[in-house]
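The values are calculated or read from the model by the stated rules, or taken from the named source; none is laboratory data. In this text the structure is predicted, and so the values were computed from the model without any measurement. Because the Cβ atoms are built from the backbone with ideal geometry, glycine has one as well, and the counts that use them run over all protein chains shown. Side chains included, ligands, DNA and RNA excluded: accessible areas come from the protein's heavy atoms. Shrake-Rupley method; radii C 1.70, N 1.55, O 1.52, S 1.80 Å.
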Amino acid sequence: MEDTRQHFVDWLRDAHGAEEQALTMLRGQVGRIENYPALRERMEQHITETEGQAQALKQLLERYDTSNSAIKDMTMKVTAFFQDASGVFAQDEVVKGAMFSYAFENMEIASYRILITTAQQLGDTEAEQVLSRILKEEEAMAQWLLDNLDPLTRSFLSRSEANMDAKR
Ligand code: MG
Ligand code: FE
């Protein structure tokens with residue numbers, strides 16, 4: 001059980017790092033969107049949700065980790081992994097951004113499913129509840145992005161054809 005506990009702490013730490021990174025990316029993306037108000041609004045909502053997630057993970061970590069090394073930063077790793085996919089400065093920035101966001105949300109979904117299983121193995125029902133609540137937010141965001149890829153792409157293409165500002 002000690003190994004399981006250690007994996008759980010490691011994965012919580014990774015998830016916290018990913019949420020911190022998500023905040024940086026979401027804020028960057030939202031600040032650049034000009035012509036797609038629905039996307040902007042939904043991303044603003046998810047920024048608020050993500051702030052709560054980071055805080056909830058920090059609290060879970062503090063219950064497990066007595067040392068002060070709980071929040072090890074994996075920001076750079078995540079950044080390196082996703083840098084090319086984010087599409088910033090591309091002519092189709094908003095489309096690339098939505099595609100990237102959908103991929104990122106699904107990575108989060110996988111990570112919370114793994115964490116929930118591990119919390120169950122540890123019999124930590126409080127952690128399980130917190131993580132399940134976060135999972136629902138990630139699933140809702142992923143579903144919204146999936147549902148909106150079609151209208152977003154249509155809007156982008158028609159703006160582009162009309163020589164309107166389409167990029168963001
Ligand atoms: Mg998240
Ligand atoms: Fe998310």
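Quote the charge dipole size of the chain about the Cα centre in Debye, to the nearest 20; the model charges only the Cβ of Lys and Arg (+1) and of Asp and Glu (-1).
380 debye
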**Fill in**
Given Cβ charges of +1 for Lys and Arg and -1 for Asp and Glu, the option among 163, 125, 55 whose Cα lies farthest towards the positive end of the dipole of the chain is 163
**Complete:** Once normalised by the length of the stretch 88-168, the mean sequence separation of its alpha carbon contacts under 8 Å that are 6 or more apart gives a contact order in percent of 44 percent
**Prompt:** Tell me, what % of the accessible area of the stretch 2-161 is carbon and sulfur with a 1.4 angstrom probe?
**Reply:** 52 percent
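Residue 143 to residue 165: FRET efficiency via 1/(1 + (r/R0)^6), r the Cβ-Cβ distance, R0 35 Å, to the nearest 0.05? Walk me through the numbers on the way to the answer.
On the way: r = 28 Å, r/R0 = 0.80.
Efficiency computed from Cβ-Cβ geometry: 0.80.
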**Request:** Within the stretch 1-70, report the GluC sites (Glu not before Pro) that DSSP leaves as loop and that have at most 13 other Cβ atoms within 10 Å.
**Result:** 34
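Relative contact order of the chain, please, whole-number percent, based on alpha carbon pairs below 8 angstrom and at least 6 residues apart. It would help to have the intermediate numbers written out before the result.
Details: 143 pairs, mean separation 49.8, N = 168.
For the chain, the relative contact order is 30 percent.
Rounded to the nearest 500, what is the chain's calculated 222 nm mean residue ellipticity when only DSSP H runs of at least 4 contribute -39500 (n - 2.57) each, over all residues?
-28500 deg cm²/dmol
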**Neighbour net charge for residue 43 - beta-carbon separation under 14 angstrom, K R +1, D E -1** = -4
**Item:** Highest-MSF residue in the chain out of 131, 157, 23 [GNM, Cα springs under 10 Å]
**Value:** 157
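For the chain, take the convex hull of the Cα atoms, compute a quarter of its surface area, and give me that in nm², please. If you can, show how the numbers build up before the last one.
On the way: hull surface 38.4 nm².
For the chain, averaging the hull's shadow over all directions gives 9.6 nm².
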**Request:** Once you've got the GNM for the chain with C-alpha springs shorter than 10 Å, pick whichever of 97, 17, 52 has the biggest mean-square fluctuation.
**Result:** 52
